[in-house]
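**Q** To start, I am sharing the structure in question, which I have written as structure tokens.
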Amino acid sequence: MALIKSISGIRGTIGGKPSENLTPIDIVLFTSAFGTLLKRENKAKTIIIGRDARPSGDMVSSIVASTLTGLGLNVIDLGISTTPTVEMAVANEKADGGIIITASHNPVQWNALKLLNGKGEFISGQLGEKVLQMAEKADFDYADVMELGSFTYLPDYIDKHIAQILDLPLVDKELIASKNFKIVVDAVNSSGGIAIPRLLNALGVNKIKEINCKPTGFFAHNPEPLPENLKEISETMKNGDFDLGIVVDPDVDRLALISEDGSPFGEEYTLVAVSDYILGYSKGNTVSNMSSTRALRDVTEKHGQSYAASAVGEVNVVEMMKETNAIIGGEGNGGIIYPELHYGRDALVGIALFLTHLAKFDKPASALRASYPNYVMSKNKIELTADLNVDEILKAIKNKYSDHKVSTIDGIKIDFENEWIHLRKSNTEPIIRIYAESSTVEKAEELAESIMKEIRELSKSL
């Protein structure tokens with residue numbers, strides 16, 4: 001169906017023909033290029049790997065591990081794990097890089113290789129370009145028989161991850177335990193079904209209802225944690241006596257929350273709430289990407305601190321966080337990046353910080369959500385076709401709205417007085433993403449629809 005090679009990794013559907021789908025040949029080529037690059041530039045010796053629970057994961061992981069050992073690299077395999085756990089393991093074990101085998105929120109037929117540097121952070125665009133070039137040229141050599149790498153299996157690294165979270169000064173395990181929270185967890189039948197209940201138990205939460213927590217990799221619903229995909233947990237919350245619903249994506253780097261009344265806390269407001277808590281105790285700046293809610297800016301300024309917006313993509317957010325000395329940041333898709341732990345989106349640390357915040361707030365989650373500035377976002381997309389000249393369309397939109405504040409850092413973002421709209425080509429799917437935010441659902445959808453209508457008209461004339 002599709003194979004997408006980008007500077008952040010390789011992503012595609014399993015099966016089919018090489019270079020058109022994610023096949024064993026493509027996995028070997030890309031893994032060989034990445035491993036060789038690390039050997040040549042960093043004299044790499046050890047690589048951490050880990051995967052989500054999707055059914056192709058074991059096959060892909062085996063190929064990745066064998067390819068790396070064939071290059072003479074030592075492999076530490078975490079097995080079924082989470083993206084943030086692999087990131088932390090790279091740093092903790094002083095490895096030279098990492099490969100996370102996950103297609104994140106994509107459906108079950110997809111899988112991907114996400115590439116990490118020696119800090120456990122996503123590789124730069126420059127390194128990503130080199131990997132693509134080396135894969136294209138098959139520019140690599142494999143090790144002689146006496147120089148093959150070793151393989152080590154470390155299946156319990158999630159517990160080390162949790163232990164480091166509990167050591168954070170702003171995570172109050174005792175206070176959380178004292179509240180006797182009743183929590184529902186939907187882990188979409190992936191690695192969160194292992195990690196989230198373990199984390200909650202470690203935080204003293206003993207009343208947990210698990211939904212879709214068997215790590216079979218066969219997703220019970222669309223794995224992207226958006227309100228329209230979370231009907232089961234919302235109904236469970238409405239019909240039961242629970243304090244909070246927790247939802248994660250297949251690789252556990254995105255966190256969505258459900259309030260006690262069954263209403264979505266709002267994926268965009270996960271970062272807002274956690275940032276509000278952090279800023280109440282530690283002064284510093286915040287960062288989110290350009291497609292994230294204005295509410296983070298409002299909350300940051302309420303605390304007398306500065307907010308900055310980056311291009312979309314975790315590597316861009318991290319780069320700007322470092323540039324601005326931000327103490328908390330992330331993306332409006334529920335991605336929390338807390339540098340005191342590590343520079344990566346991490347639903348586990350997000351849960352621990354949010355529960356501490358909720359315990360200190362001492363009111364229901366819906367009341368906490370109501371305490372923040374209310375914005376509503378409409379998220380849309382247009383499938384790319386061969387006759388759609390995206391660059392010309394974006395240029396035409398920019399020119400039409402030149403009398404407003406327009407940013408071209410990442411696609412086109414137009415800021416109006418009380419709302420905004422952001423258009424950009426996706427890095428992971430053949431689509432244009434269109435995000436609009438306003439004060440009501442109706443206004444946000446009206447703004448998005450007006451721009452989409454303009455795009456459809458422009459596609460006929462350009």
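The values are calculated or read from the model by the stated rules, or taken from the named source; none is laboratory data. Everything numeric in this text was worked out from a predicted model, so none of it was measured. Here the Cβ is made from the backbone with ideal geometry for all residues, glycine too, and neighbour counts use every protein chain on show. All accessible areas refer to the heavy atoms of the entire protein, side chains included, with ligands and DNA or RNA removed. Shrake-Rupley method; radii C 1.70, N 1.55, O 1.52, S 1.80 Å.
**Q** Can you say what percent of the DSSP beta bridges in the chain, counting only those with both residues inside, are antiparallel? Round to 5.
**A** 60
**Q** Ranked from highest to lowest mean number of other Cβ atoms within 10 Å per residue, what is the order of the peptides 168-174, 316-322?
**A** With the highest mean Cβ count within 10 Å placed first, the list reads 316-322, 168-174.
**Q** Restricting everything to alpha-carbon atoms, can you work out Rg to Rh for the stretch 66-213 with a Kirkwood hydrodynamic radius? List each step's numbers first, then the result.
**A** On the way: Rg = 18.7 Å, Rh = 17.7 Å.
Reported Rg/Rh (Cα atoms, Kirkwood Rh): 1.05.
**Q** Can you give the Rg and Dmax of the stretch 59-101 based on its C-alpha atoms, in angstrom?
**A** Using the Cα atoms of the stretch 59-101, the pair Rg, Dmax is 10.2, 26 Å.
**Q** Could you compute Rg(Cα) / (2.2 N^0.38 Å) for the stretch 335-409, with N its residue count?
**A** Against the compact-globule rule of thumb, the ratio is 1.76.
**Q** Now for a different question. Ranked from highest to lowest mean number of other Cβ atoms within 10 Å per residue, what is the order of the peptides 435-448, 187-200?
**A** The most tightly packed comes first, giving 187-200, 435-448.
**Q** A further question on this structure: Can you give the Kirkwood hydrodynamic radius for the stretch 40-116, in Å, rounded to one decimal and based on Cα pairs?
**A** Over the stretch 40-116, the inverse of the mean reciprocal pair distance is 12.4 Å.
**Q** In nm, to one decimal, how far is the modelled label at LYS119 from the one at GLU454, with both set 7 Å along Cα→Cβ?
**A** 3.8
**Q** I've got another one for you. How much length is gained if the chain between GLU174 and VAL441 is pulled fully straight, taking 0.36 nm per residue apart and subtracting their Cα-Cα distance, in nm to one decimal?
**A** Length gained, GLU174 through VAL441: 92.2 nm.
**Q** Same structure, new question: Starting from 0.36 nm per residue, how many nanometres of slack lie between ASN206 and SER371 once their C-alpha separation is accounted for?
**A** 56.6 nm
**Q** Need one word for the stretch 233-296: rounded, prolate or oblate. Basis is the Cα gyration tensor (sqrt eigenvalues a ≥ b ≥ c); a/c below 1.5 gives rounded, then a/b vs b/c decides.
**A** Note, shape of the stretch 233-296 comes out prolate.
**Q** Once the principal axes of the Cα atoms of the stretch 197-336 are found, what is the range along each, listed largest first in whole angstroms?
**A** Per principal axis, max minus min of the Cα coordinates gives 42, 28, 27 Å.
**Q** Across all directions of projection, what mean area in square nanometres is found for the Cα convex hull of the stretch 366-453?
**A** 6.9
**Q** Report, to one decimal in Å, the Kirkwood hydrodynamic radius for the stretch 98-177 based on all distinct Cα pairs.
**A** Details: mean 1/r = 0.0590 Å⁻¹.
Its Kirkwood hydrodynamic radius stands at 17.0 Å.
**Q** Further, regarding this structure: Report, to the nearest whole %, how much of the accessible area of the chain belongs to carbon and sulfur atoms, 1.4 Å probe, protein only.
**A** Of the solvent-accessible surface of the chain, carbon and sulfur hold 50 percent.
**Q** Work out the FRET efficiency for LYS231 and GLU20 from their Cβ-Cβ distance, taking R0 = 51 Å, and round it to the nearest 0.05.
**A** According to the calculation, E is roughly 0.90.
**Q** Take the Cα atoms of the stretch 255-374, build their convex hull, and give its volume per residue in Å³. Don't skip to the end; give the middle numbers.
**A** Values: hull volume 10.4 nm³, N = 120.
Normalising the Cα hull of the stretch 255-374 by residue number yields 87 Å³.
**Q** What list of ³J(HN,Hα) couplings, whole Hz, do you get for the stretch 189-194 from phi and the Karplus terms 6.51, -1.76, 1.60, once you set θ to phi - 60° and write x for glycine and proline?
**A** 3J(HN,Hα) across the stretch 189-194, in whole Hz: 6, 10, 5, x, x, 8.
**Q** Given contacts defined as C-alpha pairs under 8 Å and at least six residues apart, what's the relative contact order of the stretch 188-228, whole-number percent?
**A** Relative contact order here is 57 percent.
**Q** In nm, give the distance between the simple-model label positions of LYS395 and ASP144, each being 7 Å from the Cα along the Cα-to-Cβ direction.
**A** Once both label points are built, they end up 5.6 nm from each other.
**Q** Same structure again: At 37 °C and a viscosity of 0.692 mPa s, what translational diffusion coefficient does Stokes-Einstein give for the stretch 143-198, taking Rh as the Kirkwood radius over Cα pairs? Give it in µm²/s as a whole number.
**A** The estimated diffusion coefficient comes to 222 µm²/s.
**Q** How far, in nm, would the chain grow between SER402 and LYS322 when pulled straight, counting 0.36 nm per residue and subtracting the alpha carbon separation? Mind dumping the intermediate values first?
**A** Working: separation 80, 0.36 × 80 = 28.80 nm, distance 3.12 nm.
Separation in residues times 0.36 nm, less the Cα-Cα distance, equals 25.7 nm.
**Q** Here's another thing I want to ask about it. Just how much of TYR281 is accessible, in Å², when a 1.4 Å probe is used and the result is rounded to the nearest 10?
**A** Near enough 130 Å² of accessible area.
**Q** Still on this model: Going by a ≥ b ≥ c, the root eigenvalues of the Cα gyration tensor, does the stretch 16-151 fall in the rounded group (a/c under 1.5), the prolate group (a/b larger than b/c) or the oblate group?
**A** Because its axes are fairly even, with a/c under 1.5, the stretch 16-151 counts as rounded.
**Q** Here's something else I'd like to know. What accessible area per residue comes out for the stretch 221-274, rounded to a whole number of Å², with a 1.4 Å probe?
**A** 30
**Q** Looking at the stretch 1-154, what % of its DSSP beta bridges pair antiparallel, to the nearest 5?
**A** Among the beta bridges of the stretch 1-154, antiparallel pairing accounts for roughly 50 percent.
**Q** Using alpha-carbon positions, what is the distance between the centroids of the stretch 184-225 and the stretch 31-65, in Å?
**A** Between the Cα centres of the stretch 184-225 and the stretch 31-65 lies a distance of 26 Å.
**Q** A follow-up question, please. Taking a probe of 1.4 Å, how large is the accessible area per residue of the stretch 93-218, in Å²?
**A** 46
**Q** Students sometimes get this wrong: rank MET146, MET452 by accessible area, probe 1.4 Å, all chains present, largest first.
**A** These residues rank, largest area first, as MET146, MET452.
**Q** Sticking with this structure for a sec: Taking the Kirkwood radius as the inverse of the mean 1/r across Cα pairs, report the Rg/Rh of the stretch 181-236.
**A** Dividing the radius of gyration by the Kirkwood radius yields 0.97.
**Q** Alpha carbon centre of the stretch 76-115 versus the stretch 297-353: separation in Å?
**A** The stretch 76-115 and the stretch 297-353 have Cα centres spaced 20 Å from each other.
**Q** Quick one, what does Rg over Rh come out to for the stretch 1-90 if you take C-alpha atoms and the Kirkwood Rh?
**A** Using only Cα positions, Rg/Rh for the stretch 1-90 is 0.95.
**Q** Just the accessible area per residue of the stretch 323-388, please: how many Å² with a 1.4 Å probe?
**A** Here the residues of the stretch 323-388 average 37 Å² of exposed surface.
**Q** Which log10 I(q)/I(0) values does the chain give at q = 0.09 Å⁻¹ under the Debye formula, counting every alpha carbon as one identical point scatterer?
**A** Each listed q maps to, in turn, -0.58.
**Q** Kindly write out, for the stretch 316-325 in residue order, the coupling ³J(HN,Hα) from the Karplus curve 6.51 cos²θ - 1.76 cosθ + 1.60 (θ = phi - 60°), rounded to whole Hz, with x marking Gly and Pro.
**A** 6, 4, 4, 4, 6, 4, 5, 5, 9, 6
**Q** How much net charge surrounds GLU235 when only the other residues with a Cβ under 15 Å from the Cβ of GLU235 are counted, with Lys and Arg +1 and Asp and Glu -1?
**A** -3
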